[in-house]
Structure formats: structure tokens, C-alpha cells
Amino acid sequence: SAVISQKPSRDICQRGTSLTIQCQVDSQVTMMFWYRQQPGQSLTLIATANQGSEATYESGFVIDKFPISRPNLTFSTLTVSNMSPEDSSIYLCSVGTEQSIQYFGAGTRLSVL
Amino acid sequence: EDQVTQSPEALRLQEGESSSLNCSYTVSGLRGLFWYRQDPGKGPEFLFTLYSAGEEKEKERLKATLTKKESFLHITAPKPEDSATYLCAVRDSGGSNYKLTFGKGTLLTVNP
């Protein structure tokens, strides 16, 4: 499986600011995804990061709040914009294989004050 | 809408005490059921994929089984290092092509 690195691993931010999370993979992958894991809740897909085109967002998530970039087949970023305490969560990137298996990074633990 | 329900929410076992975790699901058409293990401070680690009813997969002390409505993760003679949150997810044949829908997980604690 691919090695997935996420930065930062954790951060504490002030409300109203934005944070960009990076996801680097050690091999080229077609499918990359961004998830949110809120306390006591299930992992929820935010969007699919498409290389060379706009990300595909799931219901309840919008590009203005969670802009995503995918400049190549090994890298993606997720920005959490205009943060509020409700955005405090773990954000994870994953990569998908042809067998539909997804492998996850270690996550970014975000606290918004 | 796809639904995944895991039970129990938390399970505490003594070392060597075998048990099972349950994952009930509702999908229009199952294209895969996935089990992950998640340790504190880490991302989910892939364990198994099951695709059709009757299928079984094993890895060390873990065995996953699948029926048309649910999956079980059987843990035989668990050790303290098996303590983790176990997540179940499904991929539906309809909707977003590669979307996984996750349950909330079962927190397993194995005491020595």
C-alpha cells in the first residue's frame, strides 16, 4: 500500500482563520479523498479530489468552505476556511485502489478556539 | 441512503475471552464491505474486504464474515494489543463511485 503523509498532524487555530492541510503520497494514485471524523461520529466523506479538475463534493459540503486542490497524482490540499469551533475535528486523506480499498493518512487534528 | 450501524459501541474483554463485533448495513447494492482498525491518534488501518454473502476472511486472531444484511468481526483469544476502535464501511453500487459509508465504530478494550 502507498505511504501517505499529512501535514500538519495537529493545529490550534482562531475562529475566522483558514488552515490548509497537505496530503503527499509516495506513488501516483488516481483516486484521493478527504474525510472528516468528528468526535463520536462516523468518518464522513467531504469530497473526491480529482486531478486536473474541480473536486466532487458530497452533500453538505461546499467548495467555498472546503476548497481542494489536486495539482498532480501524488499531492492534494484541503483548506478549512473561515473556521468556527464546529470545525474542530480530525481531517483525513485517503487514496483508493482498483479494488476499492482506501488507505488513510494519520490525520490532522484541528482545534478551533 | 446507505446506513451502517455497529454494535456494541464499546466492548471490554479479558485477554483470551473471544467475542464478536457486529456491523449491520443497508445499501441498494453491495460492492464491498470493509473492516478497518483505528488506534488513538492514527488513521484507519485496512483489515479486510468482503464482497459477497458467505465470504470469510481471516488474519491472525481476526475473522470477518458477511451475510446479506450484516458482517461480523470475530476475535479469538484476544490480546491487549488488539485494543482499538474497529470501523466497518460499505461501498454501494449506486451513487458516488468510490464513496465509503462508515459506521461509528466499536471501541474494543482487552484487559490483561
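Among the residues of segment A:18-41, those that are under 30 Å from B:Thr5 (Cβ atoms) and either part of a loop (DSSP other than H, G, I, E, B) or of a type in the set (Phe, Trp, Tyr) (or both) comprise A:Phe33, A:Trp34, A:Tyr35, A:Gln38, A:Pro39, A:Gly40, A:Gln41. Could you tell me whether A:Arg15 is assigned to a strand (DSSP E or B), modelled with pLDDT of 95 or more, farther than 29 Å from B:Ser93 by Cβ and basic (Lys, Arg)? Against the criterion (assigned to a strand (DSSP E or B), modelled with pLDDT of 95 or more, farther than 29 Å from B:Ser93 by Cβ and basic (Lys, Arg)), A:Arg15 does not qualify. Remark: B:Thr49 matches the filter, which requires a residue to be under 22 Å from A:Ile4 (Cα atoms), touching a residue at least 12 places away in the same chain (Cβ under 8 Å) and within 14 Å of another protein chain (Cβ to nearest Cβ). Applying the set (1) touching a residue at least 12 places away in the same chain (Cβ under 8 Å); (2) part of a loop (DSSP other than H, G, I, E, B); (3) surrounded by fewer than 17 Cβ atoms within 10 Å (Cβ to Cβ) to B:Lys42 leaves exactly one unmet item: (1).
Of the residues making up segment B:7-27, those that are part of a strand (DSSP E or B) and under 25 Å from B:Ser52 (Cα atoms) are B:Ser7, B:Ser19, B:Ser20, B:Leu21, B:Asn22, B:Cys23, B:Ser24, B:Tyr25, B:Thr26. Among the residues of segment A:81-109, which ones are surrounded by 18 or more Cβ atoms within 10 Å (Cβ to Cβ), part of a strand (DSSP E or B) and either of a type outside the set (A, V, I, L, M, F, W, C) or more than 14 Å from chain B (Cβ to nearest Cβ) (or both)? Hits for segment A:81-109 are A:Ser89, A:Tyr91, A:Ser94, A:Gly96, A:Gln102, A:Tyr103, A:Thr108. Considering segment B:91-112, and only residues there that are in a strand (DSSP E or B) and modelled with pLDDT of 95 or more, the residue that is surrounded by the most Cβ atoms within 10 Å (Cβ to Cβ) turns out to be B:Phe102. Residues in segment A:27-69 that are of a type in the set (Asp, Glu) and surrounded by 12 or more Cβ atoms within 10 Å (Cβ to Cβ) were compared, and the one that is nearest to the other protein chains (Cβ to nearest Cβ) is A:Glu58. Checked against (1) in contact (Cβ under 8 Å) with a residue 24 or more places away in the chain; (2) in a strand (DSSP E or B), B:Thr65 passes all but condition (1).
The values are calculated or read from the model by the stated rules, or taken from the named source; none is laboratory data. Note that this is a predicted model, so its numbers are computed, not measured. Glycine gets a Cβ as well: all are built from the backbone with ideal geometry, and neighbour counts include every protein chain shown.
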